[in-house]
Amino acid sequence: MNLHYTPEQQAFRQEARSWLEANVPAQPLPSFDTAEGARAHREWEARLHAGGWAMVPWPVEYGGRGANLLEWLIFEEEYYRAGAPKRINQNGIFLLGPTIMEYGTPEQKARFLPPMASGQEIWAQGWSEPNAGSDMAAIQSTALRDGDHFVVNGQKTWASRGAFADWLFGIFRTDPESQRHRGLSFLLVPLDLPGITVRPVPQLDGLPGFAEVFFDEVRVPVANRLGPEGEGWKVAMATAGFERGLMLRSPARFQDTARRLVELYRAEGGGGCDRVGEEVVRCWLGAEAYTLETYRTVSRLLAGGRIGAEASLNKIFWSELDLRMHELALEILGDRADLLPEAPAARASREVGSWLDGYLFALAGPIYAGTNEIQRNIIAERILGLPR
Ligand SMILES: Cc1cc2nc3c(=O)[nH]c(=O)nc-3n(C[C@H](O)[C@H](O)[C@H](O)COP(=O)(O)OP(=O)(O)OC[C@H]3O[C@@H](n4cnc5c(N)ncnc54)[C@H](O)[C@@H]3O)c2cc1C
(Lines give C-alpha, C1' and ligand atoms only; values in the text may rest on other atoms or scores of the structure.)
Protein backbone atom coordinates (compact mmCIF):
# COMPACT_ATOMS: atom_id res chain seq x y z
CA MET A 1 0.00 0.00 0.00
CA ASN A 2 1.32 3.44 -0.92
CA LEU A 3 -0.60 6.35 0.57
CA HIS A 4 1.54 9.06 -1.01
CA TYR A 5 0.74 11.11 -4.09
CA THR A 6 3.19 11.00 -6.99
CA PRO A 7 4.77 14.28 -8.21
CA GLU A 8 2.45 14.08 -11.26
CA GLN A 9 -0.61 13.79 -9.03
CA GLN A 10 0.59 16.71 -6.92
CA ALA A 11 1.06 18.80 -10.08
CA PHE A 12 -2.44 17.80 -11.22
CA ARG A 13 -3.86 18.91 -7.86
CA GLN A 14 -2.09 22.26 -8.14
CA GLU A 15 -3.38 22.80 -11.68
CA ALA A 16 -6.95 22.00 -10.61
CA ARG A 17 -6.66 24.25 -7.55
CA SER A 18 -5.40 27.21 -9.59
CA TRP A 19 -8.16 26.85 -12.19
CA LEU A 20 -10.89 26.54 -9.56
CA GLU A 21 -9.57 29.52 -7.58
CA ALA A 22 -9.73 31.63 -10.74
CA ASN A 23 -13.11 30.38 -11.97
CA VAL A 24 -15.47 29.37 -9.13
CA PRO A 25 -18.22 32.04 -8.85
CA ALA A 26 -17.66 34.32 -5.86
CA GLN A 27 -21.35 34.13 -4.89
CA PRO A 28 -23.19 30.79 -4.60
CA LEU A 29 -25.47 30.09 -7.58
CA PRO A 30 -29.25 29.96 -7.02
CA SER A 31 -30.56 26.41 -6.35
CA PHE A 32 -30.54 24.21 -9.45
CA ASP A 33 -34.10 23.25 -8.54
CA THR A 34 -35.26 26.63 -9.91
CA ALA A 35 -35.39 27.72 -13.58
CA GLU A 36 -32.91 30.54 -12.92
CA GLY A 37 -30.58 28.23 -10.95
CA ALA A 38 -30.77 25.49 -13.58
CA ARG A 39 -29.65 28.02 -16.22
CA ALA A 40 -26.79 29.28 -14.05
CA HIS A 41 -25.64 25.71 -13.32
CA ARG A 42 -25.69 24.83 -17.03
CA GLU A 43 -23.45 27.83 -17.66
CA TRP A 44 -21.11 26.65 -14.93
CA GLU A 45 -20.96 23.16 -16.52
CA ALA A 46 -20.09 24.76 -19.86
CA ARG A 47 -17.29 26.72 -18.19
CA LEU A 48 -15.90 23.61 -16.50
CA HIS A 49 -16.01 21.87 -19.88
CA ALA A 50 -14.23 24.73 -21.66
CA GLY A 51 -11.49 24.52 -19.03
CA GLY A 52 -11.19 20.75 -19.55
CA TRP A 53 -12.48 19.91 -16.06
CA ALA A 54 -15.98 18.60 -16.77
CA MET A 55 -15.24 14.91 -16.25
CA VAL A 56 -11.52 14.40 -15.78
CA PRO A 57 -11.42 10.57 -16.10
CA TRP A 58 -13.21 10.50 -19.47
CA PRO A 59 -11.32 10.27 -22.76
CA VAL A 60 -10.60 13.63 -24.38
CA GLU A 61 -12.75 12.82 -27.44
CA TYR A 62 -15.82 12.53 -25.17
CA GLY A 63 -15.22 15.81 -23.37
CA GLY A 64 -12.93 14.54 -20.62
CA ARG A 65 -9.28 15.07 -19.71
CA GLY A 66 -8.00 11.52 -20.15
CA ALA A 67 -7.01 11.32 -16.46
CA ASN A 68 -7.65 8.28 -14.25
CA LEU A 69 -10.00 7.71 -11.32
CA LEU A 70 -7.36 8.59 -8.70
CA GLU A 71 -7.01 11.98 -10.35
CA TRP A 72 -10.80 12.27 -10.34
CA LEU A 73 -10.73 11.82 -6.53
CA ILE A 74 -8.05 14.51 -6.28
CA PHE A 75 -10.12 16.81 -8.50
CA GLU A 76 -13.19 16.22 -6.30
CA GLU A 77 -11.17 17.13 -3.20
CA GLU A 78 -10.16 20.40 -4.83
CA TYR A 79 -13.70 20.98 -6.10
CA TYR A 80 -15.20 20.82 -2.59
CA ARG A 81 -12.28 22.74 -1.10
CA ALA A 82 -13.04 25.58 -3.56
CA GLY A 83 -16.77 25.58 -2.64
CA ALA A 84 -17.69 25.05 -6.32
CA PRO A 85 -21.36 24.65 -7.41
CA LYS A 86 -23.20 21.31 -7.19
CA ARG A 87 -23.20 19.32 -10.43
CA ILE A 88 -26.61 19.68 -12.07
CA ASN A 89 -25.86 16.82 -14.47
CA GLN A 90 -24.86 14.31 -11.79
CA ASN A 91 -27.32 11.73 -13.14
CA GLY A 92 -25.58 12.03 -16.50
CA ILE A 93 -21.89 12.39 -15.73
CA PHE A 94 -21.68 10.16 -12.65
CA LEU A 95 -24.26 7.46 -13.43
CA LEU A 96 -25.25 7.22 -17.08
CA GLY A 97 -21.84 8.26 -18.47
CA PRO A 98 -19.93 5.30 -16.98
CA THR A 99 -22.80 2.97 -18.03
CA ILE A 100 -22.55 4.20 -21.63
CA MET A 101 -18.78 3.66 -21.51
CA GLU A 102 -19.47 0.04 -20.54
CA TYR A 103 -22.53 -0.83 -22.66
CA GLY A 104 -22.77 1.85 -25.38
CA THR A 105 -22.01 1.32 -29.05
CA PRO A 106 -19.31 3.61 -30.55
CA GLU A 107 -22.15 5.67 -32.10
CA GLN A 108 -23.91 6.03 -28.73
CA LYS A 109 -20.68 7.09 -27.01
CA ALA A 110 -20.01 9.72 -29.69
CA ARG A 111 -23.62 10.96 -29.64
CA PHE A 112 -24.33 11.13 -25.90
CA LEU A 113 -21.09 11.67 -23.95
CA PRO A 114 -19.83 15.03 -25.34
CA PRO A 115 -23.09 17.01 -24.77
CA MET A 116 -23.36 15.36 -21.34
CA ALA A 117 -19.87 16.54 -20.42
CA SER A 118 -20.55 20.09 -21.58
CA GLY A 119 -23.89 20.39 -19.73
CA GLN A 120 -25.76 20.94 -22.99
CA GLU A 121 -27.95 17.89 -22.25
CA ILE A 122 -29.10 17.37 -18.69
CA TRP A 123 -30.29 13.90 -17.67
CA ALA A 124 -33.00 12.62 -15.34
CA GLN A 125 -33.17 9.10 -13.96
CA GLY A 126 -36.37 7.12 -14.54
CA TRP A 127 -36.50 4.04 -12.34
CA SER A 128 -39.29 4.58 -9.80
CA GLU A 129 -42.96 4.23 -10.67
CA PRO A 130 -46.04 4.71 -8.49
CA ASN A 131 -46.14 0.95 -7.81
CA ALA A 132 -42.44 0.21 -8.04
CA GLY A 133 -40.02 1.87 -5.63
CA SER A 134 -37.86 -0.49 -3.57
CA ASP A 135 -39.28 -3.30 -5.63
CA MET A 136 -37.98 -1.91 -8.92
CA ALA A 137 -38.54 -5.19 -10.77
CA ALA A 138 -42.29 -4.51 -10.44
CA ILE A 139 -42.17 -1.72 -13.05
CA GLN A 140 -45.10 -1.62 -15.44
CA SER A 141 -44.17 1.04 -18.03
CA THR A 142 -43.99 -0.69 -21.39
CA ALA A 143 -41.95 -0.12 -24.56
CA LEU A 144 -43.32 -2.31 -27.32
CA ARG A 145 -41.46 -2.79 -30.58
CA ASP A 146 -42.99 -1.31 -33.74
CA GLY A 147 -40.45 -1.49 -36.58
CA ASP A 148 -37.42 0.58 -35.69
CA HIS A 149 -39.17 2.27 -32.74
CA PHE A 150 -40.42 1.35 -29.28
CA VAL A 151 -43.85 2.69 -28.37
CA VAL A 152 -43.67 3.73 -24.72
CA ASN A 153 -46.61 3.99 -22.30
CA GLY A 154 -46.65 4.43 -18.53
CA GLN A 155 -45.38 6.69 -15.77
CA LYS A 156 -42.12 7.34 -13.93
CA THR A 157 -41.95 9.28 -10.69
CA TRP A 158 -39.44 11.00 -8.36
CA ALA A 159 -37.18 11.85 -11.30
CA SER A 160 -34.63 14.20 -9.69
CA ARG A 161 -34.10 17.36 -11.73
CA GLY A 162 -36.70 16.02 -14.17
CA ALA A 163 -38.39 19.43 -14.22
CA PHE A 164 -35.38 20.99 -16.00
CA ALA A 165 -33.83 17.97 -17.74
CA ASP A 166 -33.59 17.34 -21.51
CA TRP A 167 -33.36 13.53 -21.44
CA LEU A 168 -34.38 10.64 -19.23
CA PHE A 169 -32.80 7.20 -18.92
CA GLY A 170 -34.63 4.26 -17.39
CA ILE A 171 -35.89 0.73 -17.75
CA PHE A 172 -39.10 -0.22 -19.52
CA ARG A 173 -40.83 -3.57 -20.07
CA THR A 174 -40.15 -4.51 -23.70
CA ASP A 175 -41.57 -8.03 -23.37
CA PRO A 176 -45.20 -7.67 -22.21
CA GLU A 177 -45.34 -11.37 -21.22
CA SER A 178 -42.28 -11.08 -18.98
CA GLN A 179 -42.14 -11.03 -15.20
CA ARG A 180 -39.93 -9.20 -12.75
CA HIS A 181 -36.27 -8.74 -13.82
CA ARG A 182 -36.67 -10.32 -17.24
CA GLY A 183 -37.93 -8.66 -20.41
CA LEU A 184 -36.78 -5.14 -19.47
CA SER A 185 -34.72 -2.82 -21.67
CA PHE A 186 -32.70 0.29 -20.84
CA LEU A 187 -33.82 3.26 -22.96
CA LEU A 188 -32.54 6.80 -23.51
CA VAL A 189 -35.53 9.09 -24.05
CA PRO A 190 -35.55 12.76 -25.15
CA LEU A 191 -38.10 14.54 -22.94
CA ASP A 192 -39.41 16.72 -25.78
CA LEU A 193 -40.94 13.82 -27.75
CA PRO A 194 -44.69 14.05 -28.53
CA GLY A 195 -46.75 12.21 -25.89
CA ILE A 196 -44.47 13.05 -22.94
CA THR A 197 -45.80 15.17 -20.07
CA VAL A 198 -43.39 16.33 -17.37
CA ARG A 199 -45.10 17.44 -14.16
CA PRO A 200 -42.80 19.09 -11.56
CA VAL A 201 -43.18 17.90 -7.94
CA PRO A 202 -42.02 20.12 -5.05
CA GLN A 203 -39.57 18.78 -2.48
CA LEU A 204 -39.63 19.42 1.27
CA ASP A 205 -38.14 22.89 0.64
CA GLY A 206 -40.96 23.74 -1.79
CA LEU A 207 -38.73 23.76 -4.92
CA PRO A 208 -39.51 21.47 -7.88
CA GLY A 209 -36.59 19.10 -7.35
CA PHE A 210 -38.55 16.14 -8.73
CA ALA A 211 -40.83 15.45 -11.66
CA GLU A 212 -43.38 12.85 -12.62
CA VAL A 213 -43.05 11.86 -16.27
CA PHE A 214 -46.02 10.47 -18.20
CA PHE A 215 -45.64 8.55 -21.50
CA ASP A 216 -48.57 8.27 -23.90
CA GLU A 217 -47.76 6.37 -27.14
CA VAL A 218 -44.26 7.88 -27.25
CA ARG A 219 -42.13 6.69 -30.17
CA VAL A 220 -38.50 6.14 -29.14
CA PRO A 221 -35.98 4.96 -31.78
CA VAL A 222 -34.59 1.46 -31.19
CA ALA A 223 -31.14 3.05 -31.65
CA ASN A 224 -31.72 4.65 -28.20
CA ARG A 225 -31.63 1.28 -26.42
CA LEU A 226 -28.51 0.86 -24.27
CA GLY A 227 -27.37 -2.77 -24.14
CA PRO A 228 -29.20 -5.79 -25.51
CA GLU A 229 -33.00 -6.01 -25.65
CA GLY A 230 -34.42 -7.72 -22.57
CA GLU A 231 -31.25 -7.19 -20.52
CA GLY A 232 -32.09 -3.79 -19.10
CA TRP A 233 -31.91 -5.05 -15.51
CA LYS A 234 -28.24 -5.96 -15.91
CA VAL A 235 -27.45 -2.54 -17.41
CA ALA A 236 -29.42 -0.78 -14.66
CA MET A 237 -27.52 -2.67 -11.97
CA ALA A 238 -24.25 -1.39 -13.46
CA THR A 239 -25.64 2.17 -13.15
CA ALA A 240 -26.71 1.49 -9.54
CA GLY A 241 -23.25 0.09 -8.77
CA PHE A 242 -21.57 3.30 -9.97
CA GLU A 243 -24.12 5.29 -7.97
CA ARG A 244 -23.83 3.48 -4.64
CA GLY A 245 -20.27 2.26 -4.91
CA LEU A 246 -18.28 5.22 -6.11
CA MET A 247 -19.34 8.15 -8.18
CA LEU A 248 -22.48 9.73 -6.77
CA ARG A 249 -20.95 10.71 -3.45
CA SER A 250 -17.22 11.25 -3.60
CA PRO A 251 -15.51 11.32 -0.18
CA ALA A 252 -14.53 14.96 -0.60
CA ARG A 253 -18.16 15.94 0.00
CA PHE A 254 -18.13 14.34 3.46
CA GLN A 255 -14.60 15.49 4.31
CA ASP A 256 -15.80 19.02 3.59
CA THR A 257 -18.87 18.59 5.82
CA ALA A 258 -16.69 17.10 8.59
CA ARG A 259 -14.26 20.03 8.34
CA ARG A 260 -17.12 22.52 8.60
CA LEU A 261 -18.55 20.59 11.55
CA VAL A 262 -15.22 20.78 13.43
CA GLU A 263 -15.05 24.53 12.69
CA LEU A 264 -18.62 25.03 13.91
CA TYR A 265 -17.94 23.08 17.09
CA ARG A 266 -14.83 25.18 17.80
CA ALA A 267 -16.53 28.47 16.90
CA GLU A 268 -19.33 27.68 19.35
CA GLY A 269 -16.79 27.20 22.17
CA GLY A 270 -16.49 23.40 22.08
CA GLY A 271 -13.44 22.13 23.95
CA GLY A 272 -13.25 18.55 22.71
CA CYS A 273 -13.79 16.65 25.96
CA ASP A 274 -17.58 16.44 26.04
CA ARG A 275 -20.03 14.05 24.38
CA VAL A 276 -20.61 16.34 21.39
CA GLY A 277 -16.86 16.80 20.93
CA GLU A 278 -16.36 13.04 20.88
CA GLU A 279 -19.12 12.63 18.32
CA VAL A 280 -17.63 15.36 16.14
CA VAL A 281 -14.30 13.50 16.21
CA ARG A 282 -16.06 10.23 15.37
CA CYS A 283 -17.69 11.89 12.34
CA TRP A 284 -14.39 13.32 11.19
CA LEU A 285 -12.83 9.86 11.46
CA GLY A 286 -15.79 8.43 9.54
CA ALA A 287 -15.19 10.82 6.65
CA GLU A 288 -11.48 9.90 6.63
CA ALA A 289 -12.30 6.19 6.74
CA TYR A 290 -14.70 6.58 3.83
CA THR A 291 -11.98 8.40 1.90
CA LEU A 292 -9.47 5.60 2.42
CA GLU A 293 -12.07 2.99 1.52
CA THR A 294 -12.82 4.87 -1.71
CA TYR A 295 -9.12 5.07 -2.60
CA ARG A 296 -9.06 1.30 -2.07
CA THR A 297 -12.07 0.81 -4.38
CA VAL A 298 -10.48 2.98 -7.06
CA SER A 299 -7.16 1.12 -6.81
CA ARG A 300 -9.07 -2.14 -7.23
CA LEU A 301 -10.92 -0.79 -10.30
CA LEU A 302 -7.67 0.46 -11.84
CA ALA A 303 -6.28 -3.06 -11.40
CA GLY A 304 -9.20 -4.45 -13.43
CA GLY A 305 -11.69 -5.14 -10.60
CA ARG A 306 -15.42 -4.43 -10.66
CA ILE A 307 -17.92 -2.89 -8.27
CA GLY A 308 -20.11 -5.56 -6.67
CA ALA A 309 -22.53 -5.97 -3.77
CA GLU A 310 -20.13 -4.16 -1.42
CA ALA A 311 -21.46 -0.93 -2.98
CA SER A 312 -24.39 -1.38 -0.57
CA LEU A 313 -22.08 -1.11 2.45
CA ASN A 314 -20.71 2.08 1.00
CA LYS A 315 -24.13 3.61 0.46
CA ILE A 316 -25.28 2.90 4.02
CA PHE A 317 -22.04 4.30 5.42
CA TRP A 318 -22.05 7.65 3.64
CA SER A 319 -25.78 8.29 3.99
CA GLU A 320 -25.79 7.60 7.75
CA LEU A 321 -22.57 9.57 8.29
CA ASP A 322 -24.00 12.56 6.41
CA LEU A 323 -27.19 12.53 8.45
CA ARG A 324 -25.29 12.21 11.74
CA MET A 325 -23.03 15.17 10.88
CA HIS A 326 -26.01 17.38 10.11
CA GLU A 327 -27.88 16.29 13.26
CA LEU A 328 -24.83 17.16 15.35
CA ALA A 329 -24.49 20.57 13.69
CA LEU A 330 -28.13 21.36 14.48
CA GLU A 331 -27.56 20.25 18.08
CA ILE A 332 -24.53 22.56 18.34
CA LEU A 333 -26.51 25.47 16.85
CA GLY A 334 -29.29 24.99 19.40
CA ASP A 335 -32.07 27.57 18.96
CA ARG A 336 -30.54 28.89 15.72
CA ALA A 337 -30.77 25.47 14.04
CA ASP A 338 -34.25 26.22 12.72
CA LEU A 339 -33.28 29.42 10.91
CA LEU A 340 -33.46 29.59 7.13
CA PRO A 341 -30.51 31.34 5.41
CA GLU A 342 -32.69 34.40 4.68
CA ALA A 343 -33.75 34.84 8.34
CA PRO A 344 -32.37 38.14 9.76
CA ALA A 345 -30.69 36.33 12.67
CA ALA A 346 -28.89 33.99 10.25
CA ARG A 347 -27.65 36.61 7.81
CA ALA A 348 -24.44 37.29 9.69
CA SER A 349 -23.26 33.77 8.93
CA ARG A 350 -24.00 31.77 5.79
CA GLU A 351 -23.10 28.68 7.79
CA VAL A 352 -26.18 28.82 10.05
CA GLY A 353 -28.87 28.43 7.38
CA SER A 354 -26.81 26.08 5.24
CA TRP A 355 -26.84 23.40 7.97
CA LEU A 356 -30.65 23.26 8.02
CA ASP A 357 -30.73 23.08 4.24
CA GLY A 358 -28.11 20.31 4.29
CA TYR A 359 -30.00 18.46 7.00
CA LEU A 360 -33.22 18.40 4.96
CA PHE A 361 -31.33 16.86 2.06
CA ALA A 362 -29.35 14.46 4.30
CA LEU A 363 -32.70 13.06 5.51
CA ALA A 364 -33.21 11.73 1.98
CA GLY A 365 -29.81 9.96 1.85
CA PRO A 366 -31.10 6.72 3.42
CA ILE A 367 -33.93 6.71 0.82
CA TYR A 368 -32.53 7.62 -2.62
CA ALA A 369 -30.22 5.30 -4.59
CA GLY A 370 -32.17 2.42 -2.99
CA THR A 371 -33.25 2.61 0.66
CA ASN A 372 -30.85 1.51 3.37
CA GLU A 373 -33.25 -1.32 4.33
CA ILE A 374 -32.88 -2.68 0.80
CA GLN A 375 -29.09 -2.29 1.00
CA ARG A 376 -29.14 -4.28 4.25
CA ASN A 377 -31.12 -7.03 2.48
CA ILE A 378 -28.48 -7.11 -0.28
CA ILE A 379 -25.66 -7.33 2.28
CA ALA A 380 -27.47 -10.10 4.17
CA GLU A 381 -28.14 -12.20 1.09
CA ARG A 382 -25.23 -11.50 -1.23
CA ILE A 383 -22.33 -10.77 1.12
CA LEU A 384 -23.23 -12.71 4.28
CA GLY A 385 -25.07 -15.52 2.46
CA LEU A 386 -28.04 -15.41 4.83
CA PRO A 387 -31.38 -16.85 3.68
CA ARG A 388 -33.90 -14.46 2.10
C1 LIG B 1 -34.15 12.86 -2.80
C2 LIG B 1 -34.64 11.71 -3.61
C3 LIG B 1 -34.29 11.62 -4.95
C4 LIG B 1 -34.77 10.58 -5.74
N5 LIG B 1 -34.44 10.57 -7.07
C6 LIG B 1 -34.95 9.61 -7.88
C7 LIG B 1 -34.68 9.62 -9.28
O8 LIG B 1 -33.99 10.51 -9.78
N9 LIG B 1 -35.21 8.66 -10.05
C10 LIG B 1 -35.97 7.64 -9.52
O11 LIG B 1 -36.41 6.78 -10.28
N12 LIG B 1 -36.27 7.60 -8.19
C13 LIG B 1 -35.78 8.56 -7.36
N14 LIG B 1 -36.08 8.56 -6.02
C15 LIG B 1 -37.00 7.54 -5.51
C16 LIG B 1 -36.31 6.49 -4.66
O17 LIG B 1 -35.51 5.64 -5.45
C18 LIG B 1 -37.42 5.71 -3.93
O19 LIG B 1 -38.06 6.61 -3.05
C20 LIG B 1 -36.87 4.54 -3.15
O21 LIG B 1 -36.35 3.55 -4.00
C22 LIG B 1 -37.95 3.91 -2.24
O23 LIG B 1 -39.11 3.62 -2.96
P24 LIG B 1 -40.54 4.13 -2.42
O25 LIG B 1 -40.42 5.59 -2.14
O26 LIG B 1 -41.56 3.66 -3.39
O27 LIG B 1 -40.73 3.42 -1.02
P28 LIG B 1 -41.23 1.91 -0.76
O29 LIG B 1 -40.51 0.99 -1.71
O30 LIG B 1 -42.69 1.89 -0.73
O31 LIG B 1 -40.64 1.65 0.69
C32 LIG B 1 -41.27 2.16 1.87
C33 LIG B 1 -40.48 1.68 3.07
O34 LIG B 1 -40.50 0.23 3.13
C35 LIG B 1 -39.18 -0.29 3.18
N36 LIG B 1 -39.12 -1.54 2.41
C37 LIG B 1 -39.65 -1.78 1.19
N38 LIG B 1 -39.37 -3.04 0.78
C39 LIG B 1 -38.64 -3.61 1.76
C40 LIG B 1 -38.04 -4.89 1.93
N41 LIG B 1 -38.11 -5.84 0.98
N42 LIG B 1 -37.34 -5.14 3.07
C43 LIG B 1 -37.23 -4.17 4.03
N44 LIG B 1 -37.79 -2.94 3.94
C45 LIG B 1 -38.48 -2.66 2.81
C46 LIG B 1 -38.33 0.78 2.51
O47 LIG B 1 -36.98 0.67 2.91
C48 LIG B 1 -38.99 2.06 3.00
O49 LIG B 1 -38.54 2.38 4.29
C50 LIG B 1 -35.61 9.57 -5.19
C51 LIG B 1 -35.95 9.64 -3.83
C52 LIG B 1 -35.50 10.70 -3.05
C53 LIG B 1 -35.89 10.75 -1.60
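Residues in region 142-155: is at least one near the ligand (Cβ under 7 Å from one of its atoms) and modelled with pLDDT of 95 or more? No - not one qualifying residue is present in region 142-155.
On the basis of being more than 16 Å from the ligand (Cβ to nearest atom) and without any contact (Cβ under 8 Å) to a residue 60 or more places away in the chain, does G334 make the cut? When the stated conditions are applied, G334 passes them. Consider R81 carefully, then state whether it is charged (D, E, K, R) and touching a Lys or Arg at 6+ places or on another chain (Cβ under 9 Å). The answer is yes for R81.
Looking only at residues of region 370-388 that are part of a helix (DSSP H, G or I) and of a type in the set (K, R), we find that the one that is farthest from the ligand (Cβ to nearest atom) is R382.
If the Cβ limit is 9 Å and pairs must be 6+ apart or interchain, which residue in region 177-192 that is free of Cβ contacts under 8 Å to residues at least 40 places away in the same chain pairs with which residue that is part of a strand (DSSP E or B)? Close Cβ pairs (under 9 Å, with a partner that is part of a strand (DSSP E or B)) amount to P190/W167; P190/L168; P190/I196; P190/V220.
Beta carbons closer than 6 Å, at least 6 apart along the sequence or on distinct chains, pair a first residue in region 111-138 that is open to solvent by 20 Å² or more (accessible area, probe 1.4 Å) with a second that is more than 10 Å from the ligand (Cβ to nearest atom) and assigned to a strand (DSSP E or B) for E121/W167.
So in region 151-191, with the set limited to residues that are part of a loop (DSSP other than H, G, I, E, B) and of a type in the set (G, A, S), which one is nearest to G232 (Cα to Cα)?
Here the answer is G183.
For I367, the criteria (1) within 24 Å of P202 (Cβ to Cβ); (2) hydrophobic (A, V, I, L, M, F, W, C); (3) part of a helix (DSSP H, G or I) hold in every case but one, which is (3).
Mind telling me which of the residues A159, A132 ends up being within 13 Å of the ligand (Cβ to nearest atom) and under 30 Å from A40 (Cα atoms)? When all the criteria are applied, what remains is A159. When K315 is tested against the conditions (1) away from the ligand (no atom under 16 Å from the Cβ); (2) open to solvent by less than 60 Å² (accessible area, probe 1.4 Å), the lone failure is (1). Residues in region 261-289 that are open to solvent by less than 40 Å² (accessible area, probe 1.4 Å) and assigned to a helix (DSSP H, G or I): L261, V262, L264, Y265, V276, G277, E279, V280, C283, G286, A287. Among residues of region 318-351 being open to solvent by less than 10 Å² (accessible area, probe 1.4 Å) and hydrophobic (A, V, I, L, M, F, W, C), the one that is farthest from K86 (Cα to Cα) is L333. Name the single residue that is farthest from the chain's Cα centre (by Cα) among those in region 92-125 being within 18 Å of P228 (Cα to Cα) and within 16 Å of the ligand (Cβ to nearest atom). Of everything passing the filter in region 92-125, T99 is farthest from the chain's Cα centre (by Cα). Among residues of region 193-206 being assigned to a loop (DSSP other than H, G, I, E, B) and in contact (Cβ under 8 Å) with a residue 12 or more places away in the chain, the one that is most open to solvent (accessible area, probe 1.4 Å) is L204.
Those residues that are open to solvent by less than 30 Å² (accessible area, probe 1.4 Å), within 23 Å of the chain's Cα centre (by Cα) and at pLDDT 95 or above, I need them from region 207-231; list them, please. Listed by number, the residues that qualify are A211, V213, N224, L226, G227. Please specify each residue of region 316-346 satisfying the condition of being closer than 13 Å to G286 by Cα and basic (K, R). The answer is R324, and nothing else. Scan region 65-75 for residues that are part of a helix (DSSP H, G or I) and open to solvent by 10 Å² or more (accessible area, probe 1.4 Å) and jot them down. Answer for region 65-75, where residues must be part of a helix (DSSP H, G or I) and open to solvent by 10 Å² or more (accessible area, probe 1.4 Å): L69, L70, E71.
The values are calculated or read from the model by the stated rules, or taken from the named source; none is laboratory data. For clarity, every value in this text was computed on a predicted model and none was experimentally measured. All Cβ positions, even for glycine, are placed from backbone atoms using ideal geometry, and neighbour counts span all protein chains on display. Quick note on the areas: whole protein, heavy atoms, side chains included, nothing else; ligands and nucleic acids left out. Shrake-Rupley method; radii C 1.70, N 1.55, O 1.52, S 1.80 Å.
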